[in-house]
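J.: Below you'll find the structure I mean.
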Amino acid sequence: MPFSHIGEIAALSTAFCWTITSMSFESAGKRVGSMSVNLIRLVMALVFLSIFCWITRGRPFPDDASAHAWLWLSVSGIIGFTIGDLCLFRAFVVVGARISMLLMTLVPPFTALLGWVLLGEHLEPLDWLAMAFIVGGVAWVVLERRPVGKMKTERPSRSGILLGIAGAAGQSLGFVLSKLGMGSYNAFAATQIRVIAGIVGFSVLFLFIGWWPRVFSALKNRGAMSRISLGAVFGPFLGVSLSLVAVQHTEAGVAAALMGLTPVIIIPPAIWINKERISPRAIIGAFVAVGGAALLFL
């Protein structure tokens, strides 16, 4: 594949990273709570990023970033990590990683619309058709009634679905603001700024709601910490950094479309590892949603 497709390659790699991180954080969140997981994985990611940037850039801290980059990347970090991921990680616990990541296929249409409004990126009639496929595929899955016992069925939790949608909206706005603030700046250093902002946001929030004792308690849970460590490597370290490489080298909507493949990639491990019973309707709906994301790429 030509080197000019580096953005697309990075976006596809991000989808695989997010499959691993979503399942890791779902498991950890059920053990120690999604809010504690959020902060701990960001601190871990900052350590990984600082070491990596020290080796590759000779700078452990992004002190060469412009004021413009700091402003917009910090806002992006607050919206994407503190607000968006707070909702997404709670959705992991409420409706599971598979449904949550399916709801994240809403990121491409959200991102494309925000890119159109804020960055002036052009949308064709095919883009609008693609968005209809994505929304339709997602709706078809989340409105399915699943068997929960003899003669009983239920749909996925409404609160979990709303949390997933809020997470998708936060990530979309975070992507667009990242592109606005990053320019040609190093993607891993840009991720450092976003992570720092996210840590500050969670620290202030936890101070007000008295959550710090639960964070310290979570640090003593070895099972949860091993899962958070795995998720931190493939999430805010590799995944988010690769996502910024993607939006830096291709249009925001195209990058988000390829990253939206996660709901299809996650189906086999959801069956094999989590022992989920996935209906044909759920599989078809996931493929329809991802097909819509592919239309955005085309």
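Where a number appears in this text, it was derived from the coordinates with a stated rule and is not lab data. Source: prediction; values computed, not measured. Methodologically, a virtual Cβ is constructed for each residue, glycine included, from the backbone with ideal geometry; neighbour enumeration extends over all protein chains shown.
J.: Ala257: net charge of surrounding residues, Cβ under 11 Å, Lys/Arg +1, Asp/Glu -1, itself excluded?
T.: -3
J.: Only residues of region 98-128 count here: report those whose backbone N is under 14 Å from the spot 7 Å along Cα→Cβ of Arg57, or say none.
T.: none
J.: How many Lys pairs in the chain lie less than 29 angstrom apart by Cα atoms, where the lysines are 8 or more positions apart or on different chains?
T.: Lysine pairs meeting both conditions in the chain amount to 7.
J.: Which of Lys179, Lys30 has the fewest other C-beta atoms within 10 Å, and how do the rest follow up to the most?
T.: Lowest to highest Cβ neighbour count: Lys30, Lys179.
J.: Using +1 at the C-beta of Lys and Arg and -1 at the C-beta of Asp and Glu, which of Val240, Trp272, Val288 has the Cα lying farthest in the positive direction of the dipole of region 163-298?
T.: Trp272
J.: Also: Hey, can you list the DSSP H helices of the chain whose Cα span along the axis is 20 Å or longer and whose average Kyte-Doolittle score is at least -1.0?
T.: 6-32, 34-57, 125-142, 158-182, 187-209, 280-297
J.: Turning to a different aspect of this structure: Could you work out the per residue convex hull volume over the alpha carbons of region 77-124, in cubic angstrom?
T.: Roughly 69 Å³ of hull volume per residue.
J.: Taking the chain as a Gaussian network, Cα atoms linked when under 10 Å apart, which of Pro62, Pro236, Pro125 shows the biggest mean-square fluctuation?
T.: Pro125
J.: Once you have a ≥ b ≥ c as the square roots of the Cα gyration tensor eigenvalues for region 19-154, tell me rounded if a/c is under 1.5, and otherwise prolate or oblate according to whether a/b is larger than b/c.
T.: oblate
J.: Would you look at the GNM of the chain, springs on alpha carbons closer than 10 Å, and say which of Glu144, Glu26, Glu251 moves the most?
T.: Fluctuation is largest for Glu144.
J.: When a/c is below 1.5 the answer is rounded, else prolate if a/b is larger than b/c, else oblate, so apply that to the chain with a ≥ b ≥ c taken from the square roots of the Cα gyration tensor eigenvalues.
T.: Working: a/c = 1.76, a/b = 1.12, b/c = 1.57.
Oblate is the answer for the chain, as a/c is 1.5 or above yet b/c matches or exceeds a/b.
J.: On a full-extension model of 0.36 nm per residue, what is the gain between Arg155 and Leu207, subtracting their alpha-carbon distance, rounded to one decimal in nm?
T.: Working it through step by step, the gained length comes to 15.2 nm.
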